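For reference, the structure is listed below as C-alpha cells.
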Amino acid sequence: RDNDARQLLRLGTVINVGVCLAVTVAMVFLAPWVAGVMVDPTAADAGQVESSLRSWLYAVGPIAFLMAQLVLMSYWLTRTKNFRQISQNKIFQSASVSGMQIGTGLIGMGVSGLVLATIAGQAASLLNLLSRTKGQYRIDGPAASKGELAKRYIKMPTLNGPNALVDAVRINGINFMIGPRFSAAAVGQFGMAWRLLQAPMGLINAAISQVFFQRLATVRRGGMLRIVRQALVRSALIGVVPFTLIFLLAPWILPLVLGQQWQLAGDIARVLTPWLYLNFITSPISTVFVVVKRQFTMLLFSIAYMATPLTIIALGSPDLLRTMGWVAWGMAGLLVVFLGLALLVSWQYDRGFGWTPEEDVEDDTPDETVERAEQVVTEDDPLER
C-alpha cells in the first residue's frame, strides 16, 4: 500500500540518519588511525598528507548520508513511475557536484575543495528533489508501524547487506590482486579498460533497470516470467551491435584516442567483452530476487561470483591477457547460470511459490499502487518510449 511505502521511506531515513551519525562519531576516534594506515610513513610529506587525510575522513558521515538519502528517494520515484524526475535530478546532481568542484579547483582549494564541493553539491541535489516532490510523503490513511515494516522486510539488511559486502570484495579484490600478481601498471590498464566499457553500458542499464524494477515490483502472479524474459531478450538485442564493435575495434580505438601507452587496455577490453555482454543482459533483472524475497539465493550466487575471479587471478597464468580471458569466460558462464536462476525463481513465483505483494495488503481496499499494478501491461510502456 502507498501509505506503507511512505512509512517504509521514513524508516529508511531514520536508519540512514542513525548509521551516518554513528559513522561520524566513530571517525572522531578512528580517523587518525585510518589516516595512518593509508599513508606511507617513509614519504617526505607523510605528516602533512596524514593530517589532510584525517580532516577529510570527518566528512565520511555527511557524504554517506546525502548519497544514501538520494538513492532512497529514487526508489520512491521509481515506485511512482516518475522516471523523468529521476533523470532530471541526476543531471542536476552531476552539474552541481562537478561545477562546484571545478570552482573550488579554480580558487586553489585543492582536495579540501573537492570534499566540500561534494557535500554542497549532494545537499543541493537532495533539496532540489525534496522541493520538487513536496507533499508526496504525507501518510493520509492506515499504515503499518515502522516496527512492523522492519520485521516484514528484515531480509533486506540481513541478506542484502552481506550481498553488498561480497560485491565490494569482488570489485576491489580484483584490483588489489592484479597489482601484486602482475604490476601497478597492469592495475591502471585494467582499470581504464573497465571504466571505458562500463560507463556507457551502465548509463543504458540504469535507465532500463529502473523501468523493469517498477514493473517487477507491481506485477501479480502469472506475469513475472513474461517480464523477465522480455527484459533479457531486449537487453540481448540492444547489446549485440555495441559489444561486437568493442570486440572488433577496442584494440585499435583505445590507443588511437588515449595514446599508444594504453594498447594493453584495448586488448583487455576485447577479452572482457563476453563477461560485460552477459553482465549487460542480466543487470536489468537482478532485482527479481529482491522482489520475490529470494535474497538468500542471490547471496549464494554472489559468493561464487566473488570467489571465481579472485581464484583465477591467484592461480592463473603469469600472462595478464590470458588470465583476464579466463576470468571473463568464467564470469560469463556464471552469468548464464544467473540467467537460469532468474527465470527459475520467476517461474516459481508465477506458480505460487514464495511471497507475493498481496500478502502485505491487510484489507481489500484498492489504492493507486494496486490499480497501477492491474494496468501495468495495458498502460503506455515507458520502455517503449
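Determine how large the accessible area of ASP167 is when every protein chain is in place; take a 1.4 Å probe and give Å² rounded to the nearest 10.
50 Å²
Enumerate lysine pairs in the chain that are 8 or more residues apart or on different chains, then count those whose Cα atoms are under 28 Å apart.
12
Just how much of ILE102 is accessible, in Å², when a 1.4 Å probe is used and the result is rounded to the nearest 10?
110 Å²
Quick check on the range 171-317: take the gyration tensor over C-alpha atoms, sort the square-rooted eigenvalues as a ≥ b ≥ c, and tell me if it's rounded (a/c under 1.5), prolate or oblate.
Oblate is the answer for the range 171-317, as a/c is 1.5 or above yet b/c matches or exceeds a/b.
Accessible area per residue for the chain in Å², computed with a 1.4 Å probe and the full protein assembly in place, what is it?
In whole numbers, the chain has 52 Å² accessible per residue.
Ignoring any ligand, DNA or RNA, what whole percent of the accessible area of the range 272-332 comes from carbon and sulfur when the probe is 1.4 angstrom?
Carbon and sulfur together cover 72 percent of it.
So how much accessible area does ARG54 have, in Å² to the nearest 10, using a 1.4 Å probe?
Counting only protein heavy atoms, the figure is 70 Å².
Taking a ≥ b ≥ c as the square roots of the eigenvalues of the Cα gyration tensor of the range 79-193, is the shape rounded (a/c under 1.5), prolate (a/b larger than b/c) or oblate?
Oblate is the answer for the range 79-193, as a/c is 1.5 or above yet b/c matches or exceeds a/b.
Mind listing the phi-derived Karplus ³J(HN,Hα) values for the range 68-75, rounded to whole Hz, using 6.51, -1.76 and 1.60 with θ = phi - 60°, and x for any glycine or proline?
Result, rounded to whole Hz: 5, 5, 5, 5, 4, 5, 5, 5.
First measure r as the distance between the Cβ atoms of ALA44 and ALA185, then evaluate 1/(1 + (r/R0)^6) with R0 = 22 Å and state the FRET efficiency to the nearest 0.05.
Details: r = 24 Å, r/R0 = 1.08.
According to the calculation, E is roughly 0.40.
How long is the gain from ASN160 to PHE29 if the chain were fully straight, where each residue apart is worth 0.36 nm and the alpha carbon distance is subtracted?
My answer for the length gained is 44.3 nm.
Ranked by accessible surface with a 1.4 Å probe, highest first, in what order do PHE296, PHE247 come?
PHE296, PHE247
Separation of the range 130-198 and the range 258-322 by C-alpha centroid, Å?
Computed from Cα coordinates, the inter-centre distance equals 16 Å.
Run the simple label-point estimate for SER51 and ILE139 please: 7 Å along Cα→C-beta, distance reported in nm.
For the pair SER51/ILE139, the computed spacing is 5.0 nm.
What's the carbon and sulfur percent of the range 88-129's accessible surface, probe 1.4 angstrom, rounded to a whole number?
On the way: 1610 of 2180 Å².
It is 74 percent, rounded to a whole number.
Which order do ILE204, ILE178, ILE15 take when ranked by solvent-accessible area (1.4 Å probe, heavy atoms of all protein chains), largest first?
Details: ILE204 65, ILE178 0, ILE15 95 Å².
Largest accessible area first, the residues go ILE15, ILE204, ILE178.
Where in the chain is the longest stretch that carries no GluC sites (Glu not before Pro) classed as loop by DSSP and with at most 16 other Cβ atoms within 10 Å?
The reported range is 1-361.
For the chain, build the charge dipole from Cβ charges (+1 Lys, Arg; -1 Asp, Glu) around the Cα centre, then report which of ALA123, LEU320, MET27 sits farthest towards its positive end.
Highest projection toward the positive end goes to LEU320.
Specify which labelled value, from [x] 38; [y] 50; [z] 45, agrees with percent of Cα pairs over 30 Å apart derived from the coordinates of the model shown.
[y]
Is the shape of the range 1-118 rounded, prolate or oblate, going by the alpha carbon gyration tensor and its root eigenvalues a ≥ b ≥ c, with a/c under 1.5 for rounded and a/b larger than b/c for prolate?
Working: a/c = 4.05, a/b = 1.67, b/c = 2.42.
Verdict is oblate for the range 1-118.
The values are calculated or read from the model by the stated rules, or taken from the named source; none is laboratory data. Just so it is clear, the model here is predicted, and its values are computed rather than measured. Here the Cβ is made from the backbone with ideal geometry for all residues, glycine too, and neighbour counts use every protein chain on show. When the accessible area is computed, the model is the full protein with side chains, heavy atoms only, and any ligands, DNA or RNA have been set aside. Shrake-Rupley method; radii C 1.70, N 1.55, O 1.52, S 1.80 Å.
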